[in-house]
Amino acid sequence: MDKILKLLEDDATLTASDLSTMLSKEVGDIKNIIEKYEKDGVILGYQTVIDWDKTDREYVSALIEVKVMPQRDRGFDKIAEKIYNHPEVKSLYLMSGGFDFTVIIEGKTMKEVAYFVAQKLAPIEFVTSTATHFVLKKYKDKGVVYKTQEIDERGNLAL
Amino acid sequence: MMDYNSLLSKTVLDMKPSGIRKFFDILSEMNDVVALTVGQPDFVTPWHIREAAIDSLEKGKTYYTSNAGTTELREELSKYMLRRFDLNYCPKNEIIVTVGGSEAIDIALRAVINPGDEVILPSPSFVCYGPIADMCGATVKVIETKMENSFKLTPSELKAAITDKTKLLILPFPNNPTGAILTKEELEALADVIRDTNILVLSDEIYAELTYGRRHVSFASIDGMWERTIVVNGFSKAYAMTGWRLGFACAPHDIAVQMLKIHQYAIMCSPTVSQFAALEALKNGDDDIEFMRAEYNRRRVFILEGLRKIGIECFEPEGAFYIYPNIGKFGLSSEEFCERLLYDYKCAIVPGTAFGECGEGFARISYAYSVKHISEALERIEKFVNTLK
């Protein structure tokens with residue numbers, strides 16, 4: 001596995017120059033490698049992890065289990081497309097086990113999420129059932145623990 | 001009324017307390033200080049290591065271990081020394097698990113020094129060697145390493161310091177505070193100087209895992225040096241485990257057996273819970289070291305460029321996590337420089353004099369901090385030095 005990917009996955013703010021230092025490679029090479037990853041769709045985007053509960057944004061998120069009837073020829077993909085095209089849908093996974101899709105959605109209020117499920121998700125053709133679970137508290141997301149920065153308690157005694 | 005001055009040990013009464021105690025006392029009472037002073041990683045011990053320690057407590061492993069440490073840990077240490085440094089030590093009688101690298105230094109010095117012996121100590125260096133050697137009745141001969149030599153000990157300096165009383169050479173590389181390292185060729189040149197003597201060597205390699213650009217070479221791996229060298233290492237810096245207080249010493253059997261006597265009377269054995277943590281670190285911690293090293297390296301380059309941009313002359317450190325800028329041109333003593341930076345700009349760095357008299361004109365800056373924190377400190381240092389130009 002390329003170390004560049006692992007480092008960028010953990011911290012997307014690392015610049016090509018940072019990476020060149022950390023990996024002892026030429027800056028130009030790093031830039032070329034990243035460009036190629038972007039072109040090939042290996043790197044799809046760069047985002048920031050935000051604890052919205054600490055802001056004044058009204059915010060709620062939910063995980064929805066969706067069961068569907070797969071379509072002939074196109075399996076689950078066509079239905080998936082109909083689901084993920086809604087901007088409220090933040091993540092969509094095809095699952096093994098008791099249901100077919102996990103849909104993670106974000107909305108302002110529980111009412112808004114309920115409305116989305118009832119009016120937009122459930123009526124999609126071939127969707128046979130949904131079960132909505134609201135997120136009460138996020139402890140960790142995308143590898144980041146939701147906590148305030150800790151005070152530096154390291155002792156100064158060690159020279 | 002007890003007259004303590006006449007009651008207490010003369011040697012200890014004469015021992016100077018750490019020179020910058022006062023400085024740290026001031027620092028601890030100030031708010032909003034951006035400090036670059038600590039000599040320990042800012043990472044938390046990796047979770048799998050902490051978990052192994054917790055697991056050992058849950059299983060009730062709260063007993064003493066054998067004096068030298070658990071058999072399993074010493075066996076793993078033996079493999080580690082071979083894997084990383086190409087060194088062979090018998091886990092049964094050539095490895096002692098100690099309370100930090102500090103204890104390993106202490107028992108090594110006490111095991112080899114007779115009163116009147118001379119100990120050669122390159123300076124600036126970590127603060128403990130001199131006082132402990134003093135306690136053992138040794139005469140410490142300081143060799144001041146120089147910036148123009150990249151703070152390395154040179155063969156000619158070493159040769160000049162050797163007398164027929166020389167017992168021990170201390171090699172504190174990678175070096176705290178300068179960040180200097182010694183390459184294989186440089187170690188070989190030093191080895192040539194002492195090869196035909198009976199001089200022993202204490203090689204403090206606590207920062208062995210933190211070198212940038214090239215792998216650390218142990219002095220004991222140089223031809224003919226194994227049998228005269230005590231290697232000190234530990235878990236604090238490599239695995240971010242300072243608070244666990246776990247280190248180790250590797251030495252030829254005849255030396256180790258004497259060191260072990262002191263260890264068994266003074267310490268009994270190192271903390272059992274820490275030994276279980278260390279075992280996990282050695283077995284599954286190589287990736288952790290690599291990750292932390294890469295991160296320190298980024299900061300190293302960042303702070304080196306930052307200081308040079310401000311117009312502060314810096315030797316490029318190749319090991320540990322310190323940088324040792326030359327602040328002599330600003331016309332203040334190291335202590336004045338650091339105190340004014342602290343009082344007026346609320347930024348703390350350590351005066352070079354804390355690490356030996358030859359530290360005058362220098363300061364130690366630790367980069368075991370986030371880039372954001374270092375960046376803020378650099379801004380404050382820049383504002384300060386602009387008033388001195």
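In region A:1-58, which GluC sites (Glu not before Pro) fall in coil by DSSP and have 11 or fewer other Cβ atoms within 10 Å? The partial results should precede the final answer.
Details: sites: A:9, A:26, A:35, A:38, A:58; in loops: A:26, A:58.
Qualifying residues, ordered by number: A:26, A:58.
Applying 0.36 nm per residue to the separation of residue B:192 and residue B:386 and subtracting their alpha-carbon distance, the gain on full extension is 65.2 nm. When DSSP beta bridges are restricted to pairs lying wholly in the protein assembly as shown, around 65% turn out antiparallel. Each part reduced to its alpha carbon centroid, region A:79-137 and region B:313-389 end up 56 Å apart.
Pair-distance distribution of region B:258-389: all C-alpha pairs, bin width 10 Å, starting at 0; shares per bin in whole percent are 11, 33, 23, 19, 13, 2.
Roll a 1.4 Å probe over the protein chains and send me the accessible area per residue for region B:1-133 in Å².
On the way: 6870 Å² over 133 residues.
Here the per-residue accessible area is 52 Å².
Taking the Cβ-Cβ separation of residue A:78 and residue B:215 as r and a Förster radius of 56 Å, what is the calculated FRET efficiency to the nearest 0.05? E(calc), rounded to 0.05, equals 0.55. Label-to-label distance for residue A:44 and residue A:94 is 1.4 nm, based on points extended 7 Å past Cα in the beta-carbon direction.
Rounded to 0.05, the FRET efficiency of the residue A:138 and residue B:183 pair, given R0 = 56 Å and the Cβ-Cβ distance, is 0.70. Beyond 31 Å in Cα-Cα separation lie the following of the pairs A:36/A:137; B:92/B:152; B:16/B:146: A:36/A:137; B:92/B:152.
Could you list the residues of region A:76-109 with an amide nitrogen less than 19 Å from a label point located 7 Å from the Cα of residue A:125 in the Cα-to-C-beta direction? Residues A:76-86 qualify, since their backbone N sits under 19 Å from the label point.
Given contacts defined as C-alpha pairs under 8 Å and at least six residues apart, what's the relative contact order of chain A, whole-number percent? Show your work: numbers first, answer last.
Values: 162 pairs, mean separation 35.6, N = 159.
Once divided by the residue count of chain A, the mean separation gives 22 percent.
Using only atoms on other chains, find how many Cβ atoms lie within 10 Å of each Cβ of peptide B:347-359 and report the average. Walk me through the numbers on the way to the answer.
Values: counts 0, 1, 0, 2, 0, 0, 0, 1, 1, 0, 0, 0, 0.
Mean shielding count: 0.
Per-residue shielding of A:18-25, expressed as the average number of other chain Cβ atoms within 10 Å of the residue Cβ, stands at 5. Extension gain, residue B:43-residue B:309: 0.36 nm per intervening residue step, less the Cα-Cα distance, totals 93.0 nm.
Expressed as a whole percentage, what fraction of the accessible surface of chain B belongs to carbon and sulfur atoms when a 1.4 Å probe is rolled over the protein heavy atoms?
Values: 8360 of 16400 Å².
Accessible surface attributable to carbon and sulfur in chain B totals 51 percent.
Accessible surface for chain A, divided over its residues, is 70 Å² per residue with a 1.4 Å probe.
Only bridges with both residues in chain B count here: give the DSSP antiparallel percent, nearest 5. Numbers along the way, then the final one.
On the way: 15 of 34 bridges.
If we restrict to bridges inside chain B, about 45 percent are antiparallel.
Placing dummy labels 7 Å off each Cα toward the beta-carbon, the span from residue B:146 to residue A:55 is 5.9 nm.
For the chain pair B and A, the interface hides roughly 1600 square angstrom of accessible area in total, found with a 1.4 Å probe.
Assuming R0 = 35 Å, can you tell me the calculated FRET efficiency for the pair residue B:360 and residue B:3, based on Cβ-Cβ distance, to the nearest 0.05? Don't skip to the answer; put the middle values down first.
Values: r = 36 Å, r/R0 = 1.04.
Efficiency, from the Cβ-Cβ distance: 0.45.
Could you rank the peptides B:196-202, B:164-170 by their average count of other C-beta atoms within 10 Å per residue, with the highest value first?
B:164-170, B:196-202
Contact order for chain B, expressed relative to its length and based on alpha carbon pairs under 8 Å spaced 6+ residues apart, stands at 24 percent.
So what is the relative contact order for region A:52-138, in percent, with contacts set as C-alpha pairs under 8 Å and at least six apart? All intermediate terms of the calculation are to be shown ahead of the outcome.
On the way: 134 pairs, mean separation 37.4, N = 87.
Across region A:52-138, relative contact order equals 43 percent.
Peptide B:40-51 has a mean shielding of 1, counted as Cβ atoms of other protein chains within 10 Å of each residue's Cβ. Taken about its Cα centre, region B:48-284 carries a charge dipole of roughly 360 debye when the Cβ of each Lys and Arg holds +1 and the Cβ of each Asp and Glu holds -1.
Its Cα gyration tensor gives region B:125-252 an equivalent ellipsoid, and the semi-axes of that ellipsoid, as √(5λ) in whole Å with the largest first, are 22, 18, 15. If you look at the Cα atoms of region B:48-284, you get an Rg and a Dmax of 17.3, 56 Å. Comparing mean-square fluctuations of A:14, A:94, A:63 from a GNM of chain A with C-alpha springs under 10 Å, the top value falls on A:14.
The values are calculated or read from the model by the stated rules, or taken from the named source; none is laboratory data. On a predicted model such as this, the values are computed, not experimentally measured, just so you know. All Cβ positions, glycine included, derive from the backbone under ideal geometry; neighbour counts span all protein chains shown. To get the accessible areas, we keep the full protein, side chains included, count just its heavy atoms, and leave off ligands, DNA and RNA. Shrake-Rupley method; radii C 1.70, N 1.55, O 1.52, S 1.80 Å.
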